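Data block below; observations after.
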Amino acid sequence: MPDTLIPPKPITSALDSRFKPSLYARVGIPNSFSLESYQAGGGYQALRRAFAIGNDAVIDEMKKSGLRGRGGAGFPTGLKWSFMPLKDGKQHYVICNADESEPGSFKDRYLMTEDPHQMLEGMIIAGFAMRASMGYIYIRGEYVLAAERVWAAIHDARVAGLLGKNILGSGFDFDLQVHRGAGAYICGEETALMNSLEGLRANPRLKPPFPAQAGIYGLPTTINNVESFCAATQIIRYGWEWYSSMGTEKSKGNKLFQISGPVQRPGVFELPLGATFREMIFDFAGGPLEPIKAIIPGGSSTPMMPWTDTVLDAPMDYESITAQGSMLGTGGLILIPQNYCIVNATWNLVRFYAHESCGKCTPCREGIGGWMVKMYEKLVRGQGKPGDVELILDMSDNIGGKSFCALADACLGPVLSSIKLFRSEYDYLIANGKSQYGGSSRWAD
């Protein structure tokens with residue numbers, strides 16, 4: 001997918017009356033990434049308001065807004081900001097996790113390429129609220145255009161007095177630097193990201209201590225996702241009441257959802273939390289191009305869900321998707337066609353997680369990177385035997401919850417859900433040595 005691709009805008013829908021697009025409101029506007037364009041649309045007014053109401057009031061507004069981290073974990077952002085020790089006299093850091101690497105997720109890339117100042121403004125506000133003097137933006141190495149646009153935005157902001165010493169005459173000093181990663185999925189884990197920033201091997205750290213107490217260089221650090229910082233800009237600009245009026249009672253605000261697979265209009269769409277899968281897939285993405293049997297709702301690490309009316313009419317929010325047996329994650333929907341072998345699809349994901357394992361702990365290195373890959377390759381090559389599925393389940397039980405970080409558990413999401421929902425496809429493949437869908441499986445023809 002080329003960096004210059006602009007996602008399609010949402011079509012007219014009943015949802016239009018329920019929320020006002022803000023995160024993606026400027027995507028597609030000519031030169032939307034420039035400081036002049038951003039300020040013409042009211043850019044950096046949120047920062048001025050933050051200076052006017054004060055540090056503690058900013059954190060209080062973030063708490064009241066109900067914003068939950070948009071990187072996948074969904075932890076309350078305002079609460080996370082309040083963990084920073086505000087009177088310790090140490091240097092504090094703010095880090096933006098822009099290492100978007102979850103298969104099925106591509107929203108942050110567009111925020112950085114089309115509207116980078118929105119992210120920068122949110123980071124400056126966060127730095128002000130948490131008494132930080134320095135921030136880092138850790139960008140995925142493949143996001144070349146995004147990195148170039150963010151660097152240019154930082155330069156322009158410095159020249160305009162929006163970064164550096166005494167920002168806008170407030171007495172607050174804050175600056176930003178960009179660090180480009182090398183395309184490692186593990187760097188999406190915050191402590192592995194900090195190790196990479198320090199020039200160390202990108203292995204996750206033991207917690208506690210948590211980053212708010214001992215983060216980068218052993219100093220207090222808070223890490224948030226690109227979309228989270230952009231949402232912070234909108235919250236401080238328009239107020240927590242406006243933001244919390246959208247979404248559901250427990251899942252506040254609007255969110256960027258992505259959809260890929262056989263649909264009319266794959267791309268990124270901004271919807272209020274609580275919109276249904278049916279609205280997303282049919283009203284916004286134009287509907288599927290072929291029969292679908294499964295939905296991955298929040299990026300590849302979230303468990304698969306069946307293509308049923310119950311699922312399609314379920315709200316896309318943290319609580320409702322959990323009740324359906326999966327997770328909202330990054331909001332990256334992936335549709336799996338009816339005539340594609342689910343075992344082959346799962347093997348593709350298993351290989352990804354095996355390749356991206358840092359190898360630090362045995363359950364992930366040997367369990368995912370060794371045995372799980374071998375078992376799935378055996379199945380899709382038509383060499384499966386009775387009892388192999390039970391062996392995979394037993395292996396999963398020995399891996400789940402026992403690895404150093406969540407990468408191994410992320411791999412088990414699609415593995416366990418595919419077996420639970422589509423066990424018959426595993427059994428057919430083992431009994432017949434080939435997929436019931438013929439040529440749709442890479443190895444099972």
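The values are calculated or read from the model by the stated rules, or taken from the named source; none is laboratory data. Remember, it's a predicted structure, so these values are computed and weren't measured experimentally. Here the Cβ is made from the backbone with ideal geometry for all residues, glycine too, and neighbour counts use every protein chain on show.
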Just to check your reading of the model, which residue among GLY286, GLY298, GLY267, GLY274 is of a type outside the set (A, V, I, L, M) and either assigned by TED's automatic domain parsing to the domain that holds GLU425 or touching a Leu at 6+ places or on another chain (Cβ under 8 Å) (or both)? GLY298
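Residues are listed down the side, and each one gets a yes or a no for (1) in contact with a Lys or Arg (Cβ under 7 Å, 6 or more places away or on another chain); (2) more than 26 Å from ALA192 (Cα to Cα); (3) at pLDDT below 95:
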residue	(1), (2), (3)
ALA323	no, yes, yes
MET327	no, no, yes
ILE334	no, yes, no
ILE342	no, yes, no
CYS361	no, no, yes
Going residue by residue through the range 136-145, is there one that turns out to be buried (at least 20 other Cβ atoms within 10 Å of the Cβ), touching a His at 6+ places or on another chain (Cβ under 9 Å), under 14 Å from HIS117 (Cα atoms) and assigned by TED's automatic domain parsing to the domain that holds GLU36? yes
Would you pick out the residues in the range 248-260 that are at positive phi and either assigned by TED's automatic domain parsing to the domain that holds VAL311 or at pLDDT 95 or above (or both)? none
Does the range 151-169 contain at least one residue that is modelled with pLDDT of 95 or more, touching a Cys at 6+ places or on another chain (Cβ under 9 Å) and not acidic (Asp, Glu)? no
Say whether the condition of being without any contact (Cβ under 8 Å) to a residue 24 or more places away in the chain and closer than 21 Å to ALA294 by Cα is met by at least one residue in the range 397-404. no
Scan the range 127-156 residue by residue and report those that are in contact (Cβ under 8 Å) with a residue 40 or more places away in the chain, among the aromatic types (Phe, Trp, Tyr) and either over 25 Å from TYR217 (Cα atoms) or assigned to a helix (DSSP H, G or I) (or both). PHE128, TYR143
Here's a check for you: in the range 157-173, which residue that is free of Cβ contacts under 8 Å to residues at least 24 places away in the same chain and either among the aliphatic types (A, V, I, L, M) or part of a loop (DSSP other than H, G, I, E, B) (or both) is farthest from HIS92 (Cα to Cα)? VAL159
Scan of the range 338-374 for residues that are outside any helix (DSSP H, G or I), more than 25 Å from ASN203 (Cα to Cα) and in contact (Cβ under 8 Å) with a residue 60 or more places away in the chain, ordered by number: ASN339, TYR340, CYS341
Count of residues meeting criterion [outside any loop (DSSP other than H, G, I, E, B) and among the charged types (D, E, K, R)] in the range 174-209: 3
Looking at the range 26-38 only, could you name the residues that are part of a helix (DSSP H, G or I) and free of Cβ contacts under 8 Å to residues at least 24 places away in the same chain? GLU36, SER37
Of the residues MET123, MET84, which is more than 22 Å from the chain's Cα centre (by Cα), in the same structural domain as SER228 (by TED's automatic domain parsing) and either in a loop (DSSP other than H, G, I, E, B) or surrounded by 24 or more Cβ atoms within 10 Å (Cβ to Cβ) (or both)? MET84
If we take the range 210-308, then strands (runs of 3 or more DSSP E) inside it with 3 or more residues that are of a type outside the set (D, E, K, R) and farther than 22 Å from CYS187 by Cα are 254-260, 267-272, 292-296
State the number of residues belonging to the range 400-414 that are surrounded by fewer than 23 Cβ atoms within 10 Å (Cβ to Cβ), of a type in the set (A, V, I, L, M) and in a helix (DSSP H, G or I). 0
Within the range 207-252, can you find the residues that are β-branched (Val, Ile, Thr) and more than 17 Å from GLN177 (Cα to Cα)? THR233, ILE235, ILE236, THR248
Just the residues that are farther than 21 Å from GLY69 by Cα and among the basic types (Lys, Arg), please, taken from the range 160-216. LYS165, ARG180, ARG201
Scan of the range 282-317 for residues that are of a type in the set (Ser, Thr, Tyr) and out of contact with any helix residue (DSSP H, G or I) (no Cβ under 7 Å at 6 or more places or on another chain), ordered by number: THR308, THR310
I'd like the residue in the range 1-48 that is modelled with pLDDT of 50 or more, touching a helix residue (DSSP H, G or I) at 6+ places or on another chain (Cβ under 7 Å) and of a type in the set (A, V, I, L, M, F, W, C) and, out of all such residues, is nearest to ALA147 (Cα to Cα). PHE33
Within the range 125-139, is there a residue that is among the basic types (Lys, Arg), at negative phi and modelled with pLDDT of 95 or more? no
Taking SER326 as the residue in question, decide whether it is part of a loop (DSSP other than H, G, I, E, B), surrounded by fewer than 22 Cβ atoms within 10 Å (Cβ to Cβ) and assigned by TED's automatic domain parsing to the domain that holds PRO272. yes
Can you find a residue that is surrounded by fewer than 19 Cβ atoms within 10 Å (Cβ to Cβ), modelled with pLDDT of 95 or more and among the hydrophobic types (A, V, I, L, M, F, W, C) anywhere in the range 286-297? yes
Any residue that is under 24 Å from GLY401 (Cα atoms) and either of a type in the set (D, E, K, R) or surrounded by 23 or more Cβ atoms within 10 Å (Cβ to Cβ) (or both) - is there at least one of those in the range 310-318? no
